[in-house]
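Asker: Questions regarding the structure given below will be posed in turn.
The values are calculated or read from the model by the stated rules, or taken from the named source; none is laboratory data. These figures come from a predicted structure and were not determined experimentally. In this analysis, Cβ positions are derived from the backbone assuming ideal geometry, glycine residues included, and neighbour counts consider all displayed protein chains.
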């Protein structure tokens, strides 16, 4: 009886995953074919814009650098993201007065419609979302993780990736325009992707680089699971910040054959050979929850919080390029030089701390 | 009536999938199983098209044409199996001097489409292409078993017949098969608006530009109006 029940549960689970897997590419393909309209959820963007005005953030003309944050697979909408991320983004924004950090793109939808937006299952997702503040470790939240994980797979799949990544690039572009970015301004853009958002950031970079018409474009992955994507060759530079105890980000080099050592002609290895990839170790951080890169409670032996270490290293990467005094034109920045600067700063800080 | 048909359809698919040789005996014996096995072939072809439908979406076919293309692909798949049946019957007769009635060969050959009923799973991102390979190998194994059933050959002889059949298909496809391919493409263009061999990259480039230009125009107009 019990065995039968367990078998039934396993079969049910496999069927559920199969259905989710088969349905996964249909949203983006349907959008591309024109079957699904452009029902853009503007509420997130409008809320973000009014927030910008309310907090007297820099006016668009004063913004020298646009940063678009793509959350991990635990997000329901562009703004409904795991609870440890908003404080981090606020702190990042405070560190970068000349930049604007935009966080209203939902990277797991080609139309930027969050899971709780106008969707067939919207009400179901709303109920799951309501669980998170009460019980952040509820198993129900795995539903959204699995759903978004399949979208990451869509982004990484060579068959659907171009469609999906175009959709997200279009929404990133839309949100950049709404936040004051003007075509031809040549202002630099950085995409920051956490977890699955790292793959989507790299994937959409292929189209964004074309849309931005030569403006500097960089991608920063925060514990991202990134495939060997063409986007790596289309960005100025790709940074991967990772925790040594984060086995999820390490999956990228295991599950994506293009990242295997033997795949010398893959996009990953070509980008690596071109000096476009920099790996930055954060410390003994996990992927999510206690001990993660956003955790404010966990501290290193030297007394620094995980949160602060991540913030510092990420800020260093971003500041190196754009918020420094204008000693040189940012177009002429050499990624290798910048990497050396970041490394030098990190070393200096480590020396200070150890001293 | 329909329920009976669906029951027999399921029985044919399941028994072919588990390599039950009894299914070939039943199909050989009863002429009326033609419609059941034809159902397996059409269902397999239609399901496989869902799995490979990215080319239809990229070509922006309408939902109505999508359904039409499923039917077309089902029929095309059945015809390709019919050609297979002719070739294998011809080769088996030539090599082993065993005459298998053509109508029986066709009925049995349609059963090789049974694994393709799961062709829709090729849609699954990242795993889909591996699933496709598994289904193809599964179908090939059924073909080998069918050759073994029809001609009483051992595994090695069955492999030779199937291998020769494949070579013959390639040869015919690049010679006298060309007008047939052209006719197929014509039918696809006429009814669906695209062929399954369309250049996806070219279509991507064209439509990607359109979509981005559309967003830029919308947002800049909204901005200038505010």
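Asker: For region A:60-75, indicate whether the set of residues that are within 14 Å of chain B (Cβ to nearest Cβ), surrounded by fewer than 22 Cβ atoms within 10 Å (Cβ to Cβ) and either at pLDDT below 85 or assigned to a strand (DSSP E or B) (or both) is non-empty.
Answerer: Within region A:60-75 (the criterion being within 14 Å of chain B (Cβ to nearest Cβ), surrounded by fewer than 22 Cβ atoms within 10 Å (Cβ to Cβ) and either at pLDDT below 85 or assigned to a strand (DSSP E or B) (or both)), the answer is yes, since at least one residue qualifies.
Asker: Pick from B:32, B:76: which is in a helix (DSSP H, G or I) and either within 14 Å of another protein chain (Cβ to nearest Cβ) or without any contact (Cβ under 8 Å) to a residue 40 or more places away in the chain (or both)?
Answerer: B:32
Asker: Take residue A:131 and tell me if it is surrounded by fewer than 24 Cβ atoms within 10 Å (Cβ to Cβ) and either in contact with a strand residue (DSSP E or B) (Cβ under 8 Å, 6 or more places away or on another chain) or in a helix (DSSP H, G or I) (or both).
Answerer: Yes: the conditions hold for residue A:131.
Asker: Continuing with this model, one more query. What residue, among those in region B:91-100 that are crowded, with 16+ Cβ neighbours inside 10 Å and part of a helix (DSSP H, G or I), is farthest from the chain's Cα centre (by Cα)?
Answerer: So the residue we want is B:96.
Asker: Which residues, taken from region A:160-187, are touching a residue at least 40 places away in the same chain (Cβ under 8 Å), within 8 Å of chain B (Cβ to nearest Cβ) and either more than 28 Å from residue B:57 (Cα to Cα) or not in a helix (DSSP H, G or I) (or both)?
Answerer: If the condition is that a residue be touching a residue at least 40 places away in the same chain (Cβ under 8 Å), within 8 Å of chain B (Cβ to nearest Cβ) and either more than 28 Å from residue B:57 (Cα to Cα) or not in a helix (DSSP H, G or I) (or both), then A:160, A:178 are the ones that fit.
Asker: Given the criterion modelled with pLDDT of 90 or more and either closer than 30 Å to residue A:175 by Cα or in contact with a strand residue (DSSP E or B) (Cβ under 7 Å, 6 or more places away or on another chain) (or both), identify the matching residue among A:22, A:36.
Answerer: Just a single option satisfies the conditions, and that option is A:22.
Asker: Looking at residue A:149, is it within 18 Å of residue A:198 (Cβ to Cβ), within 14 Å of chain B (Cβ to nearest Cβ) and in a helix (DSSP H, G or I)?
Answerer: Yes, satisfied.
Asker: I need the full set of residues from region A:250-269 which are touching a helix residue (DSSP H, G or I) at 6+ places or on another chain (Cβ under 8 Å) and either closer than 24 Å to residue A:294 by Cβ or surrounded by fewer than 18 Cβ atoms within 10 Å (Cβ to Cβ) (or both), in order please.
Answerer: Within region A:250-269, A:252, A:253, A:260, A:263 qualify.
Asker: Looking at (1) in contact with a strand residue (DSSP E or B) (Cβ under 8 Å, 6 or more places away or on another chain); (2) modelled with pLDDT under 95, can you tell me which one residue A:271 breaks?
Answerer: Tallying (1) in contact with a strand residue (DSSP E or B) (Cβ under 8 Å, 6 or more places away or on another chain); (2) modelled with pLDDT under 95, residue A:271 fails exactly one: (2).
Asker: How many of the residues making up region B:43-57 are farther than 9 Å from residue B:110 by Cβ and more than 14 Å from chain A (Cβ to nearest Cβ)?
Answerer: So the answer is 3.
Asker: Let me ask something else about it. Which of the following residues is surrounded by fewer than 20 Cβ atoms within 10 Å (Cβ to Cβ), within 14 Å of another protein chain (Cβ to nearest Cβ) and touching a helix residue (DSSP H, G or I) at 6+ places or on another chain (Cβ under 8 Å): B:103, B:65?
Answerer: On inspection, the qualifying residue turns out to be B:65.
Asker: Kindly indicate whether residue A:271 is farther than 28 Å from residue A:298 by Cα, within 15 Å of the chain's Cα centre (by Cα) and assigned to a helix (DSSP H, G or I).
Answerer: Answer is no for this residue.
Asker: Would you confirm, using the coordinates I've provided, whether residue B:147 is part of a helix (DSSP H, G or I) and away from every other protein chain (no Cβ under 14 Å)?
Answerer: Against the criterion (part of a helix (DSSP H, G or I) and away from every other protein chain (no Cβ under 14 Å)), residue B:147 qualifies.
Asker: Restricting attention to region A:188-196, does a residue exist that is in a helix (DSSP H, G or I) and either within 21 Å of residue A:73 (Cα to Cα) or facing another protein chain (nearest Cβ under 9 Å) (or both)?
Answerer: Yes, region A:188-196 contains at least one residue that is in a helix (DSSP H, G or I) and either within 21 Å of residue A:73 (Cα to Cα) or facing another protein chain (nearest Cβ under 9 Å) (or both).
Asker: Working carefully through the options A:72, A:114, A:98, A:122, find the one that is in contact (Cβ under 8 Å) with a residue 40 or more places away in the chain and within 21 Å of residue A:29 (Cβ to Cβ).
Answerer: A:114
Asker: Conditions: (1) surrounded by fewer than 24 Cβ atoms within 10 Å (Cβ to Cβ); (2) part of a helix (DSSP H, G or I); (3) at the interface with chain B (Cβ under 9 Å from one of its Cβ atoms). Residue A:209 meets all but one. Number of the miss?
Answerer: Looking at each condition in turn, residue A:209 falls short on (3).
Asker: Anything in region A:296-306 that is part of a loop (DSSP other than H, G, I, E, B) and either surrounded by fewer than 19 Cβ atoms within 10 Å (Cβ to Cβ) or modelled with pLDDT of 95 or more (or both)? List them, or say none.
Answerer: Those that are part of a loop (DSSP other than H, G, I, E, B) and either surrounded by fewer than 19 Cβ atoms within 10 Å (Cβ to Cβ) or modelled with pLDDT of 95 or more (or both): A:296, A:297, A:300, A:301, A:302, A:303, A:304.
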